[in-house]
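Inspection log for the structure reproduced underneath, given as structure tokens.
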Amino acid sequence: MTTIAVMQPYFLPYAGYFRLFAEADVVCIFDCVQFPRRGWVHRNRLPGVAGQAHWLTLPLAKGPMNVRIADLRFAEDAEAALETRCKIFPALRDIRHPLLDAVRQTEGDVVTYLMKLLAVSCRELGLPFEVLRTTTLQIPNAFTGQDRVLEVCRQLNADRYINLAGGRLLYDPQEFARSGVELSFFEEWRGSQWSILYRLLTEPAGQVAAEIKYQT
């Protein structure tokens, strides 16, 4: 059975996101869709000085409202701007870590950068990192929502699709069954919601990895 996941490339997501890498044979980076400006592709929350949640947001170049995730680019001064934004978080000050070092290097396009961060996170967690960008599949624009995901499954000959618990509101099991694809969901994440960056800076990687694998 070939299991795939299809997920937007989140910026330093919470540990529960990484269950996709632990469970799926291939994680499809869903970059062929419109950039959700209030989502998690370009930002995440970390504890501030008093422990309250603050956004760490990537400095992006201005683009049209309907820009695809694949077409996102960094602002010209992105590296300096990101360094300034990192300084408000105590956990990111005066520390070296492979993931934090990768965060500070904003070369290339945004999706390549986000994939790099996911790869470094998986390496630190001891998880596989088999990915494919959906823009490489040339999915017709006529396919949207669930149909687009089913087309990804068809092109990759997948017979099982795994998603986080929130996907229960997006997908119809009967439609997947008619396409010969088993639809599976993780249970709600019971662990910390903090960014994987904060957790890997403040906890042993093996401990976080064990939590991820336990909840798959």
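Once the chain from R37 to K62 is taken as fully extended at 0.36 nm per residue, the excess over their C-alpha distance is 7.8 nm.
Between segment 192-209 and segment 101-167, how far is it from one alpha carbon centroid to the other, in angstrom? Using only Cα atoms to place each centre, the spacing works out to 21 Å.
Quick one: angle between helix 205-214 and the longest Cα principal axis of the chain, in degrees between 0 and 90, rounded to 10, please. Helix 205-214 sits at roughly 20 degrees to that axis.
When 1/r is averaged over all different Cα pairs and the result inverted, which Kirkwood radius in Å belongs to segment 1-44? Each step should come with its number before you reach the end.
Working: mean 1/r = 0.0888 Å⁻¹.
After inverting the pairwise mean of 1/r, the radius is 11.3 Å.
Kirkwood analysis of segment 65-106, using all unique Cα-Cα pairs, places the hydrodynamic radius at 11.9 Å. Taken one residue at a time, the phi angles of segment 155-170 give Karplus couplings (6.51, -1.76, 1.60, θ = phi - 60°) of 5, 9, 6, 7, 10, 8, 10, 10, 9, 5, 4, x, x, 4, 7, 9 Hz. Gly and Pro are set to x.
Residues considered: I95, I162, I69. Largest GNM mean-square fluctuation over the chain, using C-alpha springs under 10 Å, is found at I95. Its Cα gyration tensor gives segment 114-163 an equivalent ellipsoid; the semi-axes, largest first and in whole Å, are 25, 13, 9. Treating each Cα of segment 41-88 as an identical point scatterer and summing with the Debye formula, the log10 of I(q)/I(0) at q = 0.13, 0.18, 0.22 Å⁻¹ comes to -0.36, -0.63, -0.83. When its C-alpha radius of gyration is set against 2.2 N^0.38 Å (N residues), segment 3-214 gives a value of 1.03.
Ranked by the mean number of other Cβ atoms within 10 Å of their residues, highest first, the peptides 87-94, 38-45, 204-211 come out as 38-45, 204-211, 87-94. Stokes-Einstein diffusion for segment 1-125, with the hydrodynamic radius set to the Kirkwood value over Cα pairs and evaluated at 25 °C in a medium of 0.890 mPa s, equals 159 µm²/s.
In the chain, the calculated helix contribution to ellipticity at 222 nm averages -9000 deg cm²/dmol per residue, counting -39,500 (n - 2.57) for every DSSP H run with n ≥ 4.
Once you charge only the Cβ atoms, +1 for Lys and Arg and -1 for Asp and Glu, what is the size of the charge dipole of segment 3-214 about its Cα centre, to the nearest 20 debye?
Numbers: 24 positive and 24 negative charges, 100 e Å.
Result for segment 3-214 is approximately 480 debye, rounded to the nearest 20.
Values quoted throughout were computed directly from the atomic coordinates according to the rules given, and no laboratory measurement underlies them. Keep in mind the model is a prediction, meaning the values are calculated, not measured. Methodologically, a virtual Cβ is constructed for each residue, glycine included, from the backbone with ideal geometry; neighbour enumeration extends over all protein chains shown.
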